[in-house]
Amino acid sequence: MVRELGYNTISEVLDSWEALRRIENYEEQAGLLLFRRLFDKSPRAKLLFGFPIDLDVHSDTIKNSRRFKAHAMYLIQMIDSSLNMLGPDIELLTEIMHALGEKHARFGVLAEMYSQMGDALIEAMTVLLGEGVMNEKVVEAWHETYGALSGDMIEEHIKYDQGE
């Protein structure tokens with residue numbers, strides 16, 4: 001699925017990601033905001049990260065958790081690595097996405113959580129960058145790109161769930 005992304009789509013995504021990278025401490029800021037958005041959309045996801053389902057995601061408990069902060073920053077770093085592979089390393093990226101899909105299935109991630117994560121990522125970027133950078137065209141490019149990346153993960157996730 002990632003193979004089907006066009007040059008203009010990839011360019012829009014990479015340009016906006018580069019704008020995000022210019023924000024001081026972007027990994028922590030984007031990661032924290034992304035997970036807060038995700039947990040608002042999918043309270044069950046809190047359990048996957050070892051938090052009680054009734055945890056207030058806007059409290060300092062999450063913000064002050066070293067483990068959570070490390071995971072949030074790691075996710076942003078993984079997105080960064082994936083985006084850096086768009087283009088010449090597309091086959092390797094597809095293999096990595098398949099492996100991640102199986103890994104997430106083993107951890108109990110539900111298939112519908114992928115789209116929730118994508119929405120949370122795009123919302124976090126829009127908050128941090130503003131609508132001047134995250135305009136309609138860029139948001140559409142992000143939906144297409146994230147959909148392709150997560151589509152490869154979901155494909156493998158489904159195979160794992162079916163015992164293949």
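The values are calculated or read from the model by the stated rules, or taken from the named source; none is laboratory data. Being a predicted model, the structure only gives us computed values, none of them experimental. Neighbour counts run over all protein chains shown; Cβ positions are idealised from the backbone, glycine included.
Summary of computed values
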| item | result |
| --- | --- |
| Residues located in the range 33-46, provided they are part of a helix (DSSP H, G or I) and over 12 Å from the mean Cα position of the chain (by Cα) | ARG36, PHE39, ASP40, LYS41, ALA45, LYS46 |
| Meets criteria (within 23 Å of MET97 (Cβ to Cβ), free of Cβ contacts under 8 Å to residues at least 40 places away in the same chain and of a type in the set (D, E, K, R)) for GLU12 | no |
| Test: residue in the range 64-78 that is surrounded by 14 or more Cβ atoms within 10 Å (Cβ to Cβ), under 16 Å from PHE35 (Cβ atoms) and among the small types (Gly, Ala, Ser) | yes |
| Residue within the range 118-127 that is touching a helix residue (DSSP H, G or I) at 6+ places or on another chain (Cβ under 7 Å), among the β-branched types (Val, Ile, Thr) and surrounded by fewer than 17 Cβ atoms within 10 Å (Cβ to Cβ) present | yes |
| Pair list, Cβ under 9 Å, 6 or more apart: the range 142-162 residue over 21 Å from ALA120 (Cβ atoms), other residue of a type in the set (Phe, Trp, Tyr) and at pLDDT 95 or above | none |
| Flag if LEU32 is touching a residue at least 60 places away in the same chain (Cβ under 8 Å) and either of a type in the set (Ser, Thr, Tyr) or surrounded by 15 or more Cβ atoms within 10 Å (Cβ to Cβ) (or both) | no |
| Out of SER16, SER81, sole residue that is of a type in the set (Gly, Ala, Ser), more than 14 Å from the chain's Cα centre (by Cα), at pLDDT 90 or above and within 16 Å of TYR146 (Cα to Cα) | SER16 |
